Amino acid sequence: MAYASALHCRECGKEYPIAPIHVCEWCFGPLEITYDYDAISRAISREKIKDGPLTMWRYADLLPVDGDNAVDIGTGMTPLLKADNLGRELGIDELWIKNDAVNPSYSFKDRVVSVAVTKALEFGFDTLACASTGNLAGAVAAHGAKANMRTLVFIPRDLEVGKVIGAAIYGPTVVAVDGNYDDVNRLCSELADAHEGWAFVNINMRPYYSEGSKTLGYEVVEQLGWKAPDHAVVPIASGSLFTKIWKGMNEFASLGLIDDVRTKMHGAQADGCSPVARAFSEEQLHVRPVVPDTIAKSLAIGNPADAYYALKIAQEAEGSTIGSTPDPEIIDGIKLLAQSEGIFTETAGGVVIANLKKLAEAGRFQKGESVVAFITGNGLKTIEAVEQEANPINITATVSSFEELVDLKPQVGTKATSS
Ligand SMILES: *Cc1c(COP(=O)(O)O)cnc(C)c1O
Ligand SMILES: [Zn+2]
């Protein structure tokens with residue numbers, strides 16, 4: 001709580017006291033947290049952060065809640081892995097994978113929800129809810145269980161079974177809506193108005209929720225030895241994560257914890273839901289909503305709330321891009337990451353790797369530049385996308401059957417060095 005002093009409108013600047021509200025009543029602009037950065041800069045240091053917990057809560061001074069009361073199921077401080085095999089394959093000098101698929105509910109959404117639930121308890125809410133493209137439902141359900149709150153998650157009806165079970169197992173009320181995410185979100189906005197005691201993490205709690213994503217930026221900077229990467233490749237659904245990674249890194253710079261941020265931000269979408277990539281290529285700051293049709297369901301938001309701010313960053317941070325790739329390349333991306341680095345990601349990660357490959361082929365990465373690819377969700381939640389991989393060689397339990405039927409695949413490592 002200490003350093004979050006108010007809310008302000010991102011458009012007209014009007015200030016509001018800290019409350020569970022998310023839009024400006026004057027201009028309908030989105031609200032954002034106002035921090036007392038002078039006080040933070042006196043309180044924070046690299047040493048204090050290093051001595052903090054080995055979770056995202058080591059950055060509590062920069063979050064809009066009281067970190068001592070955090071609802072923490074062990075989120076954050078996920079591995080940043082040097083990806084030499086994949087780097088060699090793609091011709092990238094210094095490639096890193098930020099593996100946020102290993103969070104407690106297997107996606108980066110634990111970060112945003114951990115902040116939102118902590119704040120919901122501060123406000124005295126007894127019911128937790130969300131409109132989800134899949135991973136948010138799991139994260140909300142897990143944190144709701146930990147916080148002993150009544151929990152309700154709303155999902156589109158065509159969601160992958162791994163995501164449905166990945167939420168249902170924690171015991172929330174799961175509501176599958178006949179429609180896509182944008183329909184779910186519209187319904188939930190109406191329900192949030194009608195039920196004052198409900199904390200919808202990504203609706204009335206959105207200003208607090210979205211700040212949780214900044215911790216991904218902080219962590220990468222700290223793990224790189226207190227410097228921002230030259231390039232970041234980030235998946236875009238609503239665009240919030242993309243904007244908050246940028247915000248987090250820049251907060252570190254303005255607090256004097258690191259030098260200026262020169263990161264080129266690369267947003268990644270699927271062709272089947274690419275309103276932000278399209279606006280970027282047309283040099284627009286406003287998107288035309290689309291009806292999503294892609295296997296990357298966790299990114300399938302046709303009318304993304306933070307697109308405008310993501311597009312502004314892509315414009316402002318010179319050399320940035322927002323691109324998209326077709327579904328078959330997304331599947332190839334999932335397999336490429338698994339087979340080169342031993343990391344099994346969901347379709348959103350496939351989107352990131354496919355876009356990374358495209359950027360590398362376009363010569364966007366110079367020698368000596370560091371590139372961080374953000375892997376935000378786990379592959380076991382979207383096995384439908386790679387079902388064709390379930391084809392083992394069937395034999396009887398005899399040596400002769402093995403010798404007759406099994407041809408060994410070539411050793412994977414040879415792929416990168418030969419040809
Ligand atoms: C939600 C989600 C994103 C992107 O989130 P936004 O902040 O809405 O852009 C990325 N990856 C995965 C796996 C997600 O679940
Ligand atoms: Zn306003």
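The values are calculated or read from the model by the stated rules, or taken from the named source; none is laboratory data. Here the structure is a predicted model, which is why all the values come from computation and not from measurement. Here Cβ is always computed from backbone atoms with ideal geometry, including for glycine, and neighbour counts include all displayed protein chains. Calculation scope for accessible area: heavy atoms of the full protein, side chains included, ligands and nucleic acids excluded. Shrake-Rupley method; radii C 1.70, N 1.55, O 1.52, S 1.80 Å.
What percent do you get for the relative contact order of the chain when only Cα pairs under 8 Å and 6+ apart count?
The normalised contact order for the chain reaches 15 percent.
Where the centroid of each part is defined by its Cα atoms, how far is region 284-319 from region 211-268 in Å?
About 18 Å separates the Cα centre of region 284-319 from the one of region 211-268.
Heavy atoms only, probe 1.4 Å: what % of the accessible area of the chain goes to carbon and sulfur, would you let me know?
50 percent
Could you give each residue of region 67-84 its phi-based ³J(HN,Hα) in whole Hz, using Karplus coefficients 6.51, -1.76, 1.60 with θ = phi - 60°, and x for Gly or Pro?
x, 5, 9, 4, 7, 10, 9, x, 7, x, 6, 7, x, 10, 9, 6, 9, 5
With the calculation restricted to Cα positions, what are the radius of gyration and Dmax of region 1-43 in angstrom?
Calculated on Cα positions, Rg and Dmax stand at 11.2, 35 Å.
Projected area of the chain, taken from the Cα convex hull and averaged over every viewing direction, in nm²?
Hull-based average projected area comes out at 21.9 nm².
Helix by helix through the chain, keep the DSSP H runs that span 15 Å or more along the axis on Cα and average at least -1.0 on Kyte-Doolittle, and give those back in order.
109-123, 135-146, 181-194, 240-254, 327-341, 347-361
Taking the inverse of the average 1/r across all pairs of different Cα atoms in region 296-396, what Kirkwood radius in Å do you get?
That comes to 15.3 Å for region 296-396.
Amide H neighbours of Leu7 under 5 Å, counting only residues 5+ apart in sequence or on other chains, H built in-plane at 1.01 Å?
The answer is Tyr16, Ile18, Thr34.
Over every pair of different alpha-carbon atoms in region 43-114, take the mean of 1/r and invert it; report that Kirkwood radius in Å.
Its Kirkwood hydrodynamic radius stands at 13.9 Å.
What is the sum of charges, Lys and Arg at +1 and Asp and Glu at -1, for the other residues whose Cβ falls under 14 Å from the Cβ of Leu187?
Numbers: positive: Arg157, Arg186; negative: Asp178, Asp182, Asp183, Glu190, Asp193.
The answer is -3.
Considering only protein heavy atoms, what per residue accessible area in square angstrom results for the chain with a 1.4 angstrom probe?
Value for the chain: 43 Å² per residue.
Can you give the FRET efficiency to the nearest 0.05 for Lys50 and Ala6, using r as the Cβ-Cβ distance and R₀ = 35 Å?
FRET efficiency, Lys50 to Ala6: 0.70.
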